[in-house]
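S.K.: Below: one structure in structure tokens.
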Amino acid sequence: MSEEDGARLLGPLRTMDVPASDGVSVQRAIRSGKRTKTLRVAAAGVFVLIIAGVLPVLVKPTQNHVAAEPFDPLVRTISVSATDGLKPVNYIIGRDVQVIYLRPVGNGDQQGSVNVFAAGSFREPSGEPLPDVNGKRAMWTGNAVAVEWSPRAWAVVSVEGFPDDRDRAQRLAETLRFDEHVAIKIPYTVQTSWKLNRVFDDGGDIQLEFENGVRLALRGGVGFAQGEAPRTEMEALEKSLRRADPPVTNPFR
């Protein structure tokens, strides 16, 4: 696989960390939209990823240790409208968080992000109270608009690059919907016992990420797996991938 293919495969990659401090670092948590730089190292036939760049989402443990209510990574339940010249372009559907990244309709460095956390997976932030957003409690954290979209469940909306980021973030938050039921259409099927953790949708380029961190994609009709796992298991995963035409909502067979 070429370096260009590798960069394309990892285009929508975003990561999540759990910091040791008690406060929610929203400024670091919401830094988004900047492509990560990747270095692909072939080791015994297994692609090992060394990732450097911006970490857009920092997930904090819940204060009361209540068990999280996970999302289905094959179903997107959130949506947002194009607002103030920003349009949604990338999605991440994970068990703990669903993410939408927005880019300018034309040229520009402005960007936006929406992070909707499952109930119990993100500690309540602190900040300046705002008027309710569509009947839901909201606050300005200093960097983003936080909305309690469901009890113990928070959405964090950020806009960057404008002189009125706060106002634009509020308007964007007002378009956020939490009751969608969009089944992700996967253009391939695969055989594996690994548990699915996240689905990356980069304009229809669909990648699956499993709980062990292995990422799977289809390139030119061929399956490519990246991550750290035994070589035999990686090869078996790649070989089991089959193109699905039309795409399917359940890729596991």
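S.K.: For the stretch 121-128, state whether one or more residues are closer than 26 Å to V199 by Cβ, in a strand (DSSP E or B), in contact (Cβ under 8 Å) with a residue 60 or more places away in the chain and in contact with a Phe, Trp or Tyr (Cβ under 9 Å, 6 or more places away or on another chain).
M.R.: No: the stretch 121-128 contains no residue that is closer than 26 Å to V199 by Cβ, in a strand (DSSP E or B), in contact (Cβ under 8 Å) with a residue 60 or more places away in the chain and in contact with a Phe, Trp or Tyr (Cβ under 9 Å, 6 or more places away or on another chain).
S.K.: Looking only at residues that are touching a residue at least 60 places away in the same chain (Cβ under 8 Å) and of a type in the set (V, I, T) in the stretch 141-156, which one is farthest from L74 (Cα to Cα)?
M.R.: T141
S.K.: Out of the stretch 200-229, which residues are of a type in the set (G, A, S) and more than 22 Å from I100 (Cβ to Cβ)?
M.R.: G213, G220, G221, G223, A225, G227, A229
A quick yes/no check of all residues on (1) surrounded by 16 or more Cβ atoms within 10 Å (Cβ to Cβ); (2) farther than 20 Å from R76 by Cα:
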position	(1), (2)
K195	no, no
D201	yes, no
A217	yes, no
A229	yes, yes
T232	no, yes
K239	no, yes
R243	no, yes
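S.K.: Has the stretch 170-177 got at least one residue that is among the acidic types (D, E), under 26 Å from D109 (Cβ atoms), in contact (Cβ under 8 Å) with a residue 40 or more places away in the chain and touching a Ser or Thr at 6+ places or on another chain (Cβ under 9 Å)?
M.R.: Among the residues of the stretch 170-177, at least one is among the acidic types (D, E), under 26 Å from D109 (Cβ atoms), in contact (Cβ under 8 Å) with a residue 40 or more places away in the chain and touching a Ser or Thr at 6+ places or on another chain (Cβ under 9 Å), which makes the answer yes.
S.K.: Follow-up question, since we're still on this one. Could you say which residue among V75, V89, V99 is of a type in the set (A, V, I, L, M, F, W, C), in contact with a His (Cβ under 8 Å, 6 or more places away or on another chain) and modelled with pLDDT of 95 or more?
M.R.: V75
S.K.: Now for a separate question. If only one of T175, T141 is closer than 28 Å to F122 by Cα, in contact with a Gly (Cβ under 9 Å, 6 or more places away or on another chain) and surrounded by fewer than 22 Cβ atoms within 10 Å (Cβ to Cβ), which one is it?
M.R.: Checking each option against the conditions leaves just T141.
S.K.: Can you give me the number of residues within the stretch 178-187 that are surrounded by fewer than 16 Cβ atoms within 10 Å (Cβ to Cβ) and within 19 Å of S150 (Cβ to Cβ)?
M.R.: Number satisfying all stated conditions: 4.
S.K.: Working only within the stretch 66-81, note down all residues that are under 19 Å from S158 (Cα atoms) and part of a strand (DSSP E or B).
M.R.: Within the stretch 66-81, S79 is the sole residue that qualifies.
S.K.: Would you check which residues across the stretch 82-120 are over 16 Å from G203 (Cα atoms) and in a loop (DSSP other than H, G, I, E, B) and list them? So that I can check it myself, show each step before the final result.
M.R.: Taking the stretch 82-120 as the starting set, the residues that turn out to be over 16 Å from G203 (Cα atoms) are 83-85, 94-97, 106-112, 114-120.
The answer is D84, G85, R95, D96, G106, N107, G108, D109, Q110, A118, A119, G120.
S.K.: Only one of these conditions is not met by R243: (1) more than 29 Å from G106 (Cα to Cα); (2) free of Cβ contacts under 8 Å to residues at least 24 places away in the same chain. Which number is it?
M.R.: (2)
S.K.: May I pose another question? Can you say whether F200 is under 30 Å from T83 (Cα atoms) and among the hydrophobic types (A, V, I, L, M, F, W, C), as far as the supplied structure shows?
M.R.: yes
The values are calculated or read from the model by the stated rules, or taken from the named source; none is laboratory data. In this text, all values refer to a predicted model and were calculated from it rather than measured experimentally. Reconstructed Cβ throughout: ideal geometry from the backbone, glycine too, with neighbour counts over all protein chains shown.
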